[in-house]
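Reviewing the structure listed below.
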Amino acid sequence: MNKKWWKESIVYQIYPRSFKDSNGDGIGDLQGIIEKLDYLKDLGVDVVWLSPVYKSPNDDNGYDISDYQDIMNDFGTMADFDELLELAHSKGIKIVMDLVVNHTSDEHRWFVESRKSKDNLYRDYYIWRDGKDGKEPNNWGSWFGGSAWEYDEATQMYYLHIFSKKQPDLNWDNPRVRQEIFDMMTWWLDKGIDGFRMDVISLISKSPELPDGETKGGIYGDLAEFCIHGPCVHEYLKEMNEKVLSKYNIMTVGEATGVTIEEAKKYAGYNRGELDTVFQFEHMDLTNGEFGKWNNKKFSLLDLKKIIDRWQKGLEGEAWNCLFWSNHDQPRAVSRFGDDSDEFREISAKMLGTCLHMLKGTPYIYQGEELGMTNVKFASLDDYRDIETLNAFRELTNTRGIAPEIMMDYIYHVSRDNARTPMQWDNTENAGFTIGTPWIGVNPNYEKINVKAQMNDPYSVFSYYKKLIHLRHEHPIIVYGDYEMLVPQDERVFAYTRKLENKRLLVVCNFTKTSMEFEMPDDFVHSNSKILVSNYATTDFGDCIVLRPYEARVYLKEEKVPIVPDVMVAFELCR
Ligand code: GLC
Ligand code: CA
């Protein structure tokens, strides 16, 4: 058992713009986070991942950085940051920073120089190409809509931007670029931060020929094949590890867009000397289709189970999983995987929490998930702020024949702004997020769903999450136990066991709003097992239990004699 502090931690993601505004300008900020450190302490999380707080013109809410060693004006100053870091540490909370180094802002000093002339010292910091027959260098489409190339008048060449045109891609093949980034990372680590979440790190190395991509029915070609897990990505991460990461006791998690299990083992295999962990997105992409993520489909539990099972088993003994239902780019967990109706929101949010937090890996909680916050439906496109959403609306309604009402429905299902409405602190105006006008509307359900209403209610989603976090800290089996899936073909129940030394854990989750019978595995029946946590009151220990709508139960069993491996029994649902 290869023990690490980051395997035993629970991470809480803060999207600073939407967390807490301290000065009434309607934008969350560092002093706002400081105000809420005791809230995080009470929840019990070990680590906070801060989405970017660096200087930025905010084309993509801070994921377009114009100075890596300064703080965004909206968020405060470096002194505020230092205060946050010190206070968080004094409360036993670690701080992990977002590291966005696939691209910078076009307002970054390097790019301002780079675009000046072909022989500028910084020219080669970015990816410049001549046009072809009066058009872009190739047919790649940007992930935020339009071409991935922008023509620049000054030198009459194009630069590559996988994201918005204000996010030019850095040229990682240039050793000076790598050294600048490594120096900057060292500077932050010397300040005492506890690690990095690395934004789209799987994109940093591009196939040098930059060939056209497949068009798949659209105007633009797909760049994925030539930019994801490119030829030198592992070489560069090894170099980063050797020169920077290996010198500190930190945690790293790479946002590895497009990653497979085999590839994940290269990025984060125990002895690879690259990253500690990666985020995989297969379970986020379950409903993707013709228009990428844009649709209103419901996921299938069988597909979800298959993916999670594959990752749990696939990394066993070789790398460590990250567990998450949502983040700042995804819809709200309860709206997507649970049921956000009045009747089932709380119970299904608790069920989802149980299902995720009992798995093997490091759990991530996205701000508000611990309250069961939901997706939002703003009446008009004007209420949306996200550049990806706005560009997709334009492109899909103009060029792909999607009716605006249908596109709005897609937005209600998957827009990133679902996750970005302000954190709901109380039932006063604007949910207690700001005394000013919030930069994006508050979800009108804040009067019901908010921290104040849940903090002291032992039956709230918040209290339930607190319990899940506490259990992980108390029971090594939840961190290190072996995982095994039960009833893999069941379309309604997600059930699995964990095993460590003489202990066994059984996790059973009903993903539907109907009651059903579930046959208990033989060795949990009539035995000395007890319920560790459950989202309904229950004392049901029969052979066949009745699971109520969205019911989740976790049983713990302690054997007198250690269990020999291989005595797993086959289980079937009762008829
Ligand atoms: C990552 C971030 C996302 C951002 C993109 C470009 O996917 O999570 O928010 O827009 O990278 O930086
Ligand atoms: Ca503010």
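Of the residues making up region 85-107, those that are in contact with a strand residue (DSSP E or B) (Cβ under 7 Å, 6 or more places away or on another chain) and either within 15 Å of ligand 1 (Cβ to nearest atom) or among the aliphatic types (A, V, I, L, M) (or both) are L85, A88, I93, I95, V96, M97, D98, L99, V101, N102, H103, T104.
Checked against (1) over 30 Å from I219 (Cβ atoms); (2) open to solvent by 20 Å² or more (accessible area, probe 1.4 Å), N288 passes all but condition (1). Cβ-Cβ contacts under 9 Å between residues 6 or more apart (or on different chains), taken from a first residue in region 410-421 that is in contact (Cβ under 8 Å) with a residue 12 or more places away in the chain and among the β-branched types (V, I, T) to a second residue that is open to solvent by 20 Å² or more (accessible area, probe 1.4 Å) and assigned to a helix (DSSP H, G or I), are listed as I411/L381; I411/F393; V414/R336; T421/Y446.
For region 112-119, the condition of being within 16 Å of ligand 1 (Cβ to nearest atom), closer than 29 Å to A154 by Cα and either more than 22 Å from the chain's Cα centre (by Cα) or surrounded by fewer than 17 Cβ atoms within 10 Å (Cβ to Cβ) (or both) holds for none of the residues. For region 399-422, residues that are part of a helix (DSSP H, G or I) and modelled with pLDDT of 95 or more total 15. Scanning region 545-557 for residues that are more than 28 Å from the chain's Cα centre (by Cα) and not in a loop (DSSP other than H, G, I, E, B), we see that the one that is farthest from A495 (Cα to Cα) is K557.
Restricting attention to region 209-237 and to residues that are in contact with a Lys or Arg (Cβ under 8 Å, 6 or more places away or on another chain) and not in a loop (DSSP other than H, G, I, E, B), the residue that is surrounded by the fewest Cβ atoms within 10 Å (Cβ to Cβ) turns out to be H234.
Restricting the search to region 497-539, which residues are of a type in the set (D, E, K, R), surrounded by 15 or more Cβ atoms within 10 Å (Cβ to Cβ) and over 30 Å from K3 (Cβ atoms)? First the steps, then the outcome.
We begin by selecting, within region 497-539, every residue of a type in the set (D, E, K, R); these are 498-499, 501, 503-504, 513, 517, 519, 522-523, 530.
If we keep only those that are surrounded by 15 or more Cβ atoms within 10 Å (Cβ to Cβ) as well, we get 498-499, 503-504, 513, 519, 523.
Hits for region 497-539 are K513, E519.
Please indicate, with yes or no, whether at least one residue in region 135-152 is aliphatic (A, V, I, L, M) and in a helix (DSSP H, G or I). No. For Y126, the requirement of being over 27 Å from R420 (Cβ atoms), within 16 Å of ligand 1 (Cβ to nearest atom) and open to solvent by less than 10 Å² (accessible area, probe 1.4 Å) is met.
Step by step: first the residues of region 78-92, then only those that are small (G, A, S) and in contact (Cβ under 8 Å) with a residue 24 or more places away in the chain, then the one that is nearest to ligand 2 (Cβ to nearest atom). Which residue is that?
Step one: of region 78-92, the residues small (G, A, S) are 79, 88, 90, 92.
Then drop every residue that is not in contact (Cβ under 8 Å) with a residue 24 or more places away in the chain, which leaves 88, 92.
Values: A88: 19, G92: 26 Å.
So, considering only residues that are small (G, A, S) and in contact (Cβ under 8 Å) with a residue 24 or more places away in the chain, the one nearest to ligand 2 (Cβ to nearest atom) is A88.
When region 40-64 is limited to residues that are surrounded by 22 or more Cβ atoms within 10 Å (Cβ to Cβ) and small (G, A, S), the one that is farthest from ligand 1 (Cβ to nearest atom) turns out to be S56. The residue pairs whose first member lies in region 44-73 and is touching a residue at least 40 places away in the same chain (Cβ under 8 Å), whose second member is of a type in the set (D, E, K, R) and away from ligand 1 (no atom under 13 Å from the Cβ), and whose beta carbons are closer than 6 Å, counting only pairs six or more residues apart or on different chains, are G44/K466; V47/K94; P57/E107; S66/K55; S66/E107; D67/K55.
Residues that are within 15 Å of ligand 2 (Cβ to nearest atom), over 19 Å from I181 (Cβ atoms) and not in a loop (DSSP other than H, G, I, E, B) within region 20-77 comprise L30, Q31, G32, I33, I34, E35, N73, D74, F75, listed in sequence order. Against the list (1) in the same structural domain as D285 (by TED's automatic domain parsing); (2) closer than 30 Å to V508 by Cα; (3) open to solvent by 10 Å² or more (accessible area, probe 1.4 Å), the condition E388 fails is (2).
Would you confirm, using the coordinates I've provided, whether W187 is more than 16 Å from ligand 2 (Cβ to nearest atom), open to solvent by 60 Å² or more (accessible area, probe 1.4 Å) and closer than 30 Å to M78 by Cβ?
Values: more than 16 Å from ligand 2 (Cβ to nearest atom): yes; open to solvent by 60 Å² or more (accessible area, probe 1.4 Å): yes; closer than 30 Å to M78 by Cβ: yes.
Against the criterion (more than 16 Å from ligand 2 (Cβ to nearest atom), open to solvent by 60 Å² or more (accessible area, probe 1.4 Å) and closer than 30 Å to M78 by Cβ), W187 qualifies.
So that you can scan it fast, the table gives a plain yes or no per residue for (1) open to solvent by 10 Å² or more (accessible area, probe 1.4 Å); (2) of a type in the set (A, V, I, L, M, F, W, C); (3) within 16 Å of ligand 1 (Cβ to nearest atom); (4) outside any helix (DSSP H, G or I):
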{"position": "D329", "(1), (2), (3), (4)": "yes, no, yes, yes"}
{"position": "R336", "(1), (2), (3), (4)": "yes, no, no, no"}
{"position": "D339", "(1), (2), (3), (4)": "yes, no, no, yes"}
{"position": "E343", "(1), (2), (3), (4)": "yes, no, no, yes"}
{"position": "K350", "(1), (2), (3), (4)": "yes, no, no, no"}
{"position": "L356", "(1), (2), (3), (4)": "no, yes, no, no"}
{"position": "L359", "(1), (2), (3), (4)": "no, yes, no, yes"}
{"position": "P363", "(1), (2), (3), (4)": "no, no, no, yes"}
{"position": "A392", "(1), (2), (3), (4)": "yes, yes, yes, no"}
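The values are calculated or read from the model by the stated rules, or taken from the named source; none is laboratory data. What you are looking at is a predicted structure, and each value in this text was computed from that prediction instead of being measured. Don't worry about glycine lacking a Cβ; one is built from the backbone with ideal geometry, like all the others, and counts go over all protein chains shown. The area values use the complete protein model at the heavy-atom level, side chains included, leaving out ligands, DNA and RNA. Shrake-Rupley method; radii C 1.70, N 1.55, O 1.52, S 1.80 Å.
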